[in-house]
Amino acid sequence: QRRRDLASAAEPAATLDGTPVTVAANIGSVDDARTAANCGADEAGLVRTEFLFLGRDTAPSVEDQERHYAEIADALGGRRVTLRTLDVGGDKPLSYVTMPTEDNPFLGVRGLRLALEQPDLLHAQLAAISRVARRTPVNVMFPMISTLRELREARAALDRACGSDGLPGQLRVGMMVEVPAAALKVETFLPHLDFVSIGTNDLTQYTMAAERGNPGVARLSDPLDPAVLQLIDHVCRAGRGRALVAVCGEVASDPDAIPLLVGLGVQELSVAPRMVPRVKAQVRDLDVGHCAVLAKRALTLASAADVRALLG
Ligand code: PEP
Ligand code: MG
């Protein structure tokens with residue numbers, strides 16, 4: 001079975017009734033990009049660009065970044081690459097940026113909040129991204145947005161970084177939906193976006209008020225909690241016909257979750273590179289009508305345990 005999955009992994013996946021589902025890879029390095037290509041990923045749905053910024057004494061230059069992003073795109077053979085702008089904060093400090101000590105770094109100056117406070121850093125990154133997007137298909141994606149104002153500021157920074165030539169034709173603009181406020185207000189963001197990608201790792205932690213990675217609250221932080229599913233449902237309904245809706249949190253490769261996500265209308269699953277063949281194989285066995293009935297039922301349940309019981 002595994003050999004058959006790998007052989008067909010390079011082909012795009014569609015459900016039994018013909019609904020296409022893009023299966024993309026989450027990557028953090030050029031090596032990951034090679035693995036993703038070998039595993040048949042349709043795209044890179046999330047490039048965690050932090051790898052270029054952490055563990056060094058000075059910020060990477062525009063040229064450094066351009067070279068790395070181009071190398072990733074080359075390793076993926078020209079498939080679309082989603083470059084997420086720097087997503088660090090108090091929990092992952094940068095030695096060359098002064099950050100205040102915070103009691104709750106996950107609720108503090110992180111993600112786009114930090115980037116907007118460091119305009120030179122953001123400008124350099126967006127300049128590198130726009131250069132790469134003049135040669136190859138690129139998505140730029142902004143993390144940790146809560147308000148339209150933040151998105152407008154990010155878009156203005158992007159326009160400045162692209163200069164008088166304007167936005168490259170192959171550049172699409174999106175944001176992570178990983179804050180409940182952004183999920184609930186997604187309609188207000190959509191006119192400014194080509195796509196959204198739901199970051200269920202953070203969306204779950206903020207919805208359930210349960211810190212990710214904290215074993216003491218692990219039981220609470222299940223992305224299949226109906227509260228999280230309701231937010232995903234809201235985003236999918238709002239996005240239909242207006243912007244592509246992806247999921248790039250870990251839940252996108254959870255075999256229990258995949259029928260629900262497809263049933264809710266998620267169009268792209270972005271997963272760890274080695275998961276791609278298995279996720280494509282599962283998508284090919286799904287019936288969207290059946291998935292939609294399951295999803296509708298899951299939305300009415302009381303707990304993640306009940307949802308998992310429904311699926312099991
Ligand atoms: C997420 O929050 O779901 C996500 C994909 O981003 P990260 O795990 O990098 O925070
Ligand atoms: Mg996140």
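The values are calculated or read from the model by the stated rules, or taken from the named source; none is laboratory data. Keep in mind the model is a prediction, meaning the values are calculated, not measured. Here the Cβ is made from the backbone with ideal geometry for all residues, glycine too, and neighbour counts use every protein chain on show.
Can you tell me which of ARG134, ARG219, ARG212 is away from ligand 2 (no atom under 16 Å from the Cβ) and under 29 Å from ASP256 (Cβ atoms)? Just a single option satisfies the conditions, and that option is ARG219. Among the residues of this structure, LEU107 does not count as one that is under 27 Å from THR22 (Cα atoms) and within 16 Å of ligand 1 (Cβ to nearest atom).
Taking the numbered list (1) of a type in the set (D, E, K, R); (2) surrounded by 14 or more Cβ atoms within 10 Å (Cβ to Cβ); (3) within 15 Å of ligand 1 (Cβ to nearest atom); (4) modelled with pLDDT under 95 in turn, GLU102 passes all entries but (3).
Scan region 192-204 for residues that are more than 15 Å from ligand 2 (Cβ to nearest atom) and among the polar types (S, T, N, Q) and report the count. Outline the logic, then answer.
Just the residues of region 192-204 that are more than 15 Å from ligand 2 (Cβ to nearest atom), to begin with: 192-195.
Pick out the ones that are also among the polar types (S, T, N, Q) and you get none.
Going through region 192-204 one residue at a time, the tally reaches 0.
Residues considered: VAL307, VAL266, VAL293. Of these, the only one that is in contact with an Asp or Glu (Cβ under 8 Å, 6 or more places away or on another chain), among the β-branched types (Val, Ile, Thr) and either in a loop (DSSP other than H, G, I, E, B) or over 21 Å from GLU11 (Cα atoms) (or both) is VAL307.
Can you go through ALA181, ALA227 and tell me which one is within 15 Å of ligand 2 (Cβ to nearest atom) and either acidic (Asp, Glu) or over 22 Å from ARG48 (Cα atoms) (or both)? First the steps, then the outcome.
On the way: ALA227 fails: within 15 Å of ligand 2 (Cβ to nearest atom).
Among ALA181, ALA227, only ALA181 is within 15 Å of ligand 2 (Cβ to nearest atom) and either acidic (Asp, Glu) or over 22 Å from ARG48 (Cα atoms) (or both).
Limited to region 234-263, what total is found for residues that are outside any loop (DSSP other than H, G, I, E, B) and either within 18 Å of ASP285 (Cα to Cα) or modelled with pLDDT under 95 (or both)?
Of all residues in region 234-263, those outside any loop (DSSP other than H, G, I, E, B) come to 234-239, 244-247, 250-253, 257-263.
Right, trim to either within 18 Å of ASP285 (Cα to Cα) or modelled with pLDDT under 95 (or both) and you get 252-253, 257-263.
Adding up the residues that qualify gives 9.
Contact annotation: residue pairs with Cβ atoms under 6 Å, 6 or more positions apart or on different chains, pairing a residue in region 60-75 that is part of a helix (DSSP H, G or I) with a partner that is of a type in the set (D, E, K, R), are GLU66/ARG131; ALA75/ARG34.
Return the residue satisfying two criteria in turn: it lies in region 126-149 and is more than 16 Å from ligand 1 (Cβ to nearest atom) and not aliphatic (A, V, I, L, M), and of such residues it is surrounded by the most Cβ atoms within 10 Å (Cβ to Cβ).
Going residue by residue through region 126-149, those that are more than 16 Å from ligand 1 (Cβ to nearest atom) are 126-138, 147-149.
Next, from what is left, pick out any that are not aliphatic (A, V, I, L, M): 130-131, 134-137, 147, 149.
Working: SER130: 23, ARG131: 19, ARG134: 13, ARG135: 14, THR136: 19, PRO137: 19, THR147: 14, ARG149: 10.
Top of the filtered list is SER130.
Criterion first (in a helix (DSSP H, G or I) and within 16 Å of ligand 2 (Cβ to nearest atom)) does THR207 satisfy it? Yes, satisfied.
Checked against (1) in contact with a helix residue (DSSP H, G or I) (Cβ under 7 Å, 6 or more places away or on another chain); (2) at pLDDT 95 or above, LEU94 meets all criteria but (2). PHE51 falls short on exactly one of the conditions (1) more than 15 Å from the chain's Cα centre (by Cα); (2) of a type outside the set (S, T, N, Q); (3) modelled with pLDDT of 95 or more, and that condition is (3). Please go through region 187-222 and pick out each residue that is within 16 Å of ligand 1 (Cβ to nearest atom), touching a strand residue (DSSP E or B) at 6+ places or on another chain (Cβ under 9 Å) and not small (Gly, Ala, Ser). Matches in region 187-222: PHE195, VAL196, ILE198, THR200, ASP202, LEU203.
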